[in-house]
Amino acid sequence: MPTVYKIGTRGSDLALWQANHISDCLRQLGIKPEITIIKTTGDKIDNVPFSKLEGKGFFTKELEDAQLDGRVDLAVHSLKDLSTTMPDGLVLAAMVGREDARETLLVRREAVDEERLAAGEVLPLKSGAKIGTSAARRQAQVHWLRPDLEIADLRGNVPTRVNRLREGMYDAILLAHAGLLRLELDLDEFFVKNLDVDKFVPAPAQGMLGIQCRNEAQWVQGIAKLNCPEAAGAVAAERLLLNRLDGGCQLPFGVNIQQGENGWQLEIFFADSPEDSHPLRLSLKGDSPDDLAEEAWIALAERLKKQGSTKA
């Protein structure tokens, strides 16, 4: 097994946190890590909504190319950004350290509606408030929950998005809670609400790190030692559903599978478009992530048939 692993990563604060975290894990295995920063298409084009971009892999293709041509040996990804299908020659070798999968709502305090807050509404914002997100999944759930809100595109890394809220460009924004936890940002000036997964469904694999590498035993065997089996099982089931839908970040689809006191719980949100007023919303309980995914697929396939989709 090689003693030095060259790690490819994006250059954002969160991506570097993730790469350094995996570096620490590799050191515990006696492996020396070396980090190389690679700029991706998603980093270069940060002023265009995802809905206007064609294709997939906006945050991963350049990292995959670097692995294939030998510039790096592996890449660390936010797994929710990584396609469910690997290019020839690459493999997802480990899923590591799932953090809290919930979404976080950040609100400028003057935009909080106290009556809606007291009533326990998911999005306690004043009528007509401007909420920032470019994710079709988030846009669709906001439209479904609060069609009176103004939804505006928001791109950029996590600190950039928070700063745009701080500057008053938005009344509220939605971010993955995992990224905020990892970066330990100061959010004291905002109203902060973590949205339970049964109220606002996160992206498939949200909070999980994925380590991708060349499909060669010398790399796969070492990296596989970092895999977190229990969390990986649930995430693999989430990604299976995403794969069957042939989806990426432009798809209004959220899914979360987690273990509770009485077994496994699945939550799904699926819309035809970000403006869909009648999305599929599904909550299921079962004995295993795989069983829940199969049961959920029946409902998703029925929805797709009604749309006339060939995916069903």
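Side notes on the structure shown:
- Residue count for segment 147-189 under the criterion of being among the β-branched types (Val, Ile, Thr) and more than 19 Å from the chain's Cα centre (by Cα): the result is 1.
- Out of Gln259, Gln212, Gln250, sole residue that is surrounded by fewer than 16 Cβ atoms within 10 Å (Cβ to Cβ) and of a type in the set (S, T, N, Q): Gln259
- Selected residue (criterion: farthest from Gln139 (Cα to Cα)) from residues of segment 266-280 that are touching a strand residue (DSSP E or B) at 6+ places or on another chain (Cβ under 7 Å) and touching a residue at least 40 places away in the same chain (Cβ under 8 Å): Glu267
- Output for segment 260-312, where each listed residue is within 20 Å of Asp198 (Cβ to Cβ) and of a type in the set (Ser, Thr, Tyr): Ser283, Ser288
- Restricting the first member to segment 81-93 and to residues that are in contact (Cβ under 8 Å) with a residue 60 or more places away in the chain, and the second to residues that are basic (Lys, Arg), the beta-carbon pairs closer than 7 Å and six or more apart or on different chains are Ser83/Lys56; Thr84/Arg239; Gly89/Arg214; Leu90/Arg214.
- The residues on offer are Arg98, Arg109, Arg164, and the sole one that is among the charged types (D, E, K, R) and free of Cβ contacts under 8 Å to residues at least 40 places away in the same chain is Arg164.
- Check on Ala172, in contact with a strand residue (DSSP E or B) (Cβ under 7 Å, 6 or more places away or on another chain) and among the small types (Gly, Ala, Ser): yes
- Candidate set: segment 296-309, residues that are touching a residue at least 24 places away in the same chain (Cβ under 8 Å) and not hydrophobic (A, V, I, L, M, F, W, C); chosen: the one surrounded by the fewest Cβ atoms within 10 Å (Cβ to Cβ): Gln307
- Scanning segment 95-111 for residues that are surrounded by 24 or more Cβ atoms within 10 Å (Cβ to Cβ) and among the small types (Gly, Ala, Ser) yields one hit, Ala101.
- Candidate set from segment 232-244 (those that are crowded, with 22+ Cβ neighbours inside 10 Å and touching a strand residue (DSSP E or B) at 6+ places or on another chain (Cβ under 7 Å)); member that is nearest to His77 (Cα to Cα): Val235
- Scan of segment 303-312 for residues that are of a type outside the set (Ser, Thr, Tyr) and either modelled with pLDDT of 95 or more or in a loop (DSSP other than H, G, I, E, B) (or both), ordered by number: Gly308, Lys311, Ala312
- Subset of segment 147-158 [in a loop (DSSP other than H, G, I, E, B), of a type in the set (D, E, K, R) and without any contact (Cβ under 8 Å) to a residue 24 or more places away in the chain]: Asp148
- Flag for Arg161 being among the basic types (Lys, Arg), in a loop (DSSP other than H, G, I, E, B) and within 30 Å of Gly11 (Cα to Cα): no
- All told, Glu189 falls short of being closer than 30 Å to Ile22 by Cβ and either outside the structural domain of Cys25 (by TED's automatic domain parsing) or without any contact (Cβ under 8 Å) to a residue 60 or more places away in the chain (or both).
- Check on Lys199, surrounded by 15 or more Cβ atoms within 10 Å (Cβ to Cβ) and not small (Gly, Ala, Ser): yes
The values are calculated or read from the model by the stated rules, or taken from the named source; none is laboratory data. Since the structure is predicted, the reported quantities are computational estimates derived from the model, not experimental observations. For neighbour counting, all protein chains shown are included, and Cβ atoms are generated from backbone atoms with ideal geometry for every residue, glycine included.
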